[in-house]
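What follows is a single structure, written as structure tokens, with notes after it.
The values are calculated or read from the model by the stated rules, or taken from the named source; none is laboratory data. Every value quoted in this text rests on a predicted model; they were computed, and no experiment measured them. Virtual Cβ from ideal backbone geometry, glycine too; neighbours counted across all protein chains shown. We work out accessible area using only protein heavy atoms, side chains counted, and drop any ligands, DNA or RNA first. Shrake-Rupley method; radii C 1.70, N 1.55, O 1.52, S 1.80 Å.
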Amino acid sequence: MRRWINGVFVCLMLIFVTLGIRELQLFINTENEQEFLKKQVVKVPDGNQKDLDADNPFNRYMDFEALEKVNEDIAGWIYIPGTKIDYPILIGDNDQEYLEKDFKGKVNPLGSIFAFNKVDLNQDFHICIYGHNMISGQMFGGLKEYQNEDYAKNHRKAYLYTKERTKEMELISIFQCEAMDSIFELEGESSIYSNEEEIVCDLEKRSLINLELSKKKTVQVLSLVTCHGHAGGTHRLVLNFILTKEKFVL
């Protein structure tokens with residue numbers, strides 16, 4: 001009897017180890033594919049553009065022609081210096097399409113960084129971008145680090161790239177909320193806000209950490225959203241940025 005129990009235990013252990021290895025390999029393969037993509041499409045100013053600082057993320061640009069050949073649903077790119085966040089943004093035919101698809105459109109439980117269908121990254125006043133809270137730190141797994149005030153202050157700038165524009169964004173608040181929170185309805189008939197100034201003021205007041213309040217006129221708010229707490233729950237962690245600088249890409 002003991003021999004039988006030991007045999008079952010060993011079989012279970014082998015199954016768990018095999019599943020763990022497969023899970024780890026998925027993380028590694030996904031990261032390798034993302035790194036390969038970055039090498040192909042992320043560009044910095046060359047030596048002939050001496051007036052541009054190659055180390056300034058605002059001067060980075062993306063080869064969107066190459067990205068469109070990979071997947072026409074790639075609508076932009078999000079980058080936060082000093083973090084793992086350096087990913088294409090996918091917009092599919094429906095809001096959930098890239099919840100479990102990679103940037104090539106292939107099934108992948110890590111999903112992609114994505115915005116909802118019909119979102120205009122250039123024009124919409126409020127943009128929500130979503131990503132899974134991966135334990136590996138991939139996708140938006142690193143956003144939880146922003147609950148540390150020092151970390152947040154040292155990683156306050158985010159960059160949003162589209163085919164037409166490059167945007168520099170500044171963090172103004174971070175908080176936890178439920179999936180049905182008013183943050184996801186900043187505009188439209190269901191909004192509880194009367195104007196854009198009121199929106200920004202409320203976002204700043206709700207912040208879990210103390211950040212210098214913005215005195216800039218706001219023309220766009222960017223919210224990065226990920227799950228918080230147990231998997232499949234309704235709790236969300238939200239980082240909110242405002243546009244501070246923008247240029248057209250020629």
- Item | Output for segment 90-114, where each listed residue is among the hydrophobic types (A, V, I, L, M, F, W, C), in a strand (DSSP E or B) and either at pLDDT below 95 or out of contact with any helix residue (DSSP H, G or I) (no Cβ under 9 Å at 6 or more places or on another chain) (or both) | 107
- Message: Where the second residue is among the basic types (Lys, Arg) and open to solvent by 20 Å² or more (accessible area, probe 1.4 Å) and the first is more than 25 Å from residue 250 (Cβ to Cβ) and lies in segment 153-171, which pairs have Cβ atoms under 8 Å and are six or more apart or on separate chains?
- Response: 171/156; 171/157
- Looking at segment 60-72, which of its residues are open to solvent by less than 40 Å² (accessible area, probe 1.4 Å) and free of Cβ contacts under 8 Å to residues at least 60 places away in the same chain? 66, 67, 71
- Message: Tell me whether segment 165-188 contains one or more residues that are acidic (Asp, Glu) and closer than 30 Å to residue 66 by Cα.
- Response: yes
- Message: Residues to consider are 190, 182, 194, 214; find the one that is modelled with pLDDT under 95, touching a strand residue (DSSP E or B) at 6+ places or on another chain (Cβ under 6 Å) and more than 15 Å from residue 127 (Cβ to Cβ).
- Response: 214
- Query: How many of the residues making up segment 115-143 are open to solvent by 10 Å² or more (accessible area, probe 1.4 Å), more than 30 Å from residue 195 (Cβ to Cβ) and assigned to a loop (DSSP other than H, G, I, E, B)?
  - Reply: 5
